[in-house]
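A.B. asks: After the structure tokens below, expect a handful of questions from me.
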Amino acid sequence: MKVEKTVEKIEKMEIRGASDIARATAEALKQKSKKLEANSVEDAISELGDSADRLLKSRPTAVSLPNAIRKVFNGLKETGSVEEFRELAIQNSDEFIEKSKVAKQKIGEIGSKRIKDGDKVLTHCNSEAALSIFKSAKDEGKEFEVFSTEARPRYQGRITAQDLVNEGISVTQIVDSAARFFMNEMDLVVVGADAIGANGAVANKIGTSQIALVAKEARVDFYVAAETYKFSPSTVLGELIEIEERDEEEVWENKPDDVEIRNPAFDFTPPRYVDNICTEIGLISPHMAYHVLKEEFGLGLQDVL
Ligand code: RI2
């Protein structure tokens, strides 16, 4: 798909979910690389860079997007010709997309070990990584039940409920505000992530932090399922993760004039409320976030930013 079309679909959330956004970004850059008009590597960097900038602005919170761009651009400056540049960009995109799929599978295999027969598990919004855990547990023959919140205002919880039904997993849909009502019945909470800071704080769909708080109070383990490319390298250097605020119409169409609406799409769950982050390199404490960043982006983090 072309860059402009991809940007439009990400903005409208026709492409959504941090991993899907990242893979679509890598794919759009790959398609752009095939059609570069540049005559020098320098011009190619600038041409592909313009597309990357456009994609970067489509949704601000999911750090998987800039991380996908970083992977695609890896080594491009050092190429000796436009042809070499093109080949490497395509190879990098393909590798990122493949790595993303493998990571999701691995997260499923690791996380599913923490689901037991008879468990009730709460999830929020729609996360491929969280779903991978449920699917693996089901494949292992475990019988368990998932409680899925609606995730207003965009109701991504309905996508989760449908996905689970398709997999033959028992699912109960609840409104977001019923999380505390049901928490005492739960054995585990599993959610996804859009971004994870160097301190282990997790940015995920609005309402996640309330659920984490309620889970803590009820002493229910709270797990985050996230690929390592959801960790934010710029937070090591003091940058903050930006929380996207979306259109008020998503919350209330045709509202009375005097009513103000705020519609943040994400919130932060502090690391003290997170028991484990399930990544493709293992089940880790949120306090290991800095080490994941070092592992993923190398010792010279400054160089990748
Ligand atoms: P995966 C989604 O954001 C949800 O917040 C979900 O938890 C997160 O992305 C991660 O999703 P949105 O795009 O990458 O629906 O695990 O706003 O699919």
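A.B. asks: Could you list all residues from region 93-124 that are crowded, with 19+ Cβ neighbours inside 10 Å, over 18 Å from the mean Cα position of the chain (by Cα), in a helix (DSSP H, G or I) and in contact (Cβ under 8 Å) with a residue 60 or more places away in the chain?
C.D. replies: Within region 93-124, Arg114 is the sole residue that qualifies.
A.B. asks: Residues in region 16-36: is at least one within 16 Å of the ligand (Cβ to nearest atom) and part of a loop (DSSP other than H, G, I, E, B)?
C.D. replies: Checked region 16-36: at least one residue is within 16 Å of the ligand (Cβ to nearest atom) and part of a loop (DSSP other than H, G, I, E, B).
A.B. asks: Something else about it: Quick one: how many residues across region 262-281 are more than 21 Å from Leu213 (Cα to Cα) and either of a type in the set (Ser, Thr, Tyr) or loosely packed, with under 13 Cβ neighbours inside 10 Å (or both)?
C.D. replies: 2
A.B. asks: With the checklist (1) open to solvent by 50 Å² or more (accessible area, probe 1.4 Å); (2) free of Cβ contacts under 8 Å to residues at least 24 places away in the same chain in hand, flag the one item Ala161 doesn't pass.
C.D. replies: Status for Ala161: all satisfied but (1).
A.B. asks: Looking only at residues that are open to solvent by less than 50 Å² (accessible area, probe 1.4 Å) and over 24 Å from Asn126 (Cβ atoms) in region 283-303, which one is modelled with the highest pLDDT?
C.D. replies: Looking at residues that are open to solvent by less than 50 Å² (accessible area, probe 1.4 Å) and over 24 Å from Asn126 (Cβ atoms), I get Ser285.
A.B. asks: Further question: Going by the conditions given, is Ala161 modelled with pLDDT of 95 or more, among the aliphatic types (A, V, I, L, M) and in contact with a helix residue (DSSP H, G or I) (Cβ under 8 Å, 6 or more places away or on another chain)?
C.D. replies: no
A.B. asks: Considering only region 55-64, I want to know if a residue exists there that is on the phi > 0 side of the Ramachandran plot and either within 12 Å of the ligand (Cβ to nearest atom) or open to solvent by 70 Å² or more (accessible area, probe 1.4 Å) (or both).
C.D. replies: no
A.B. asks: Shifting gears a bit: Out of the residues in region 1-14 meeting the condition of being open to solvent by 20 Å² or more (accessible area, probe 1.4 Å) and in a loop (DSSP other than H, G, I, E, B), tell me which one is modelled with the lowest pLDDT.
C.D. replies: Checking each candidate, the answer is Met1.
A.B. asks: Out of all the residues in region 190-205, is one or more under 22 Å from Gly118 (Cα atoms) and away from the ligand (no atom under 16 Å from the Cβ)?
C.D. replies: Scanning region 190-205 turns up no residue that is under 22 Å from Gly118 (Cα atoms) and away from the ligand (no atom under 16 Å from the Cβ).
A.B. asks: Would you be able to tell me the number of residues in region 16-34 that are over 12 Å from the mean Cα position of the chain (by Cα) and within 14 Å of Arg59 (Cα to Cα)?
C.D. replies: Of the residues in that region, 2 qualify.
The values are calculated or read from the model by the stated rules, or taken from the named source; none is laboratory data. Note that the coordinates shown come from a computational prediction; the quantities given were computed from them, not determined experimentally. Neighbour counts are summed over all protein chains in view; Cβ atoms, including those assigned to glycine, are modelled from backbone coordinates with ideal geometry. With ligands, DNA and RNA removed, areas are computed over all heavy atoms of the protein, side chains included. Shrake-Rupley method; radii C 1.70, N 1.55, O 1.52, S 1.80 Å.
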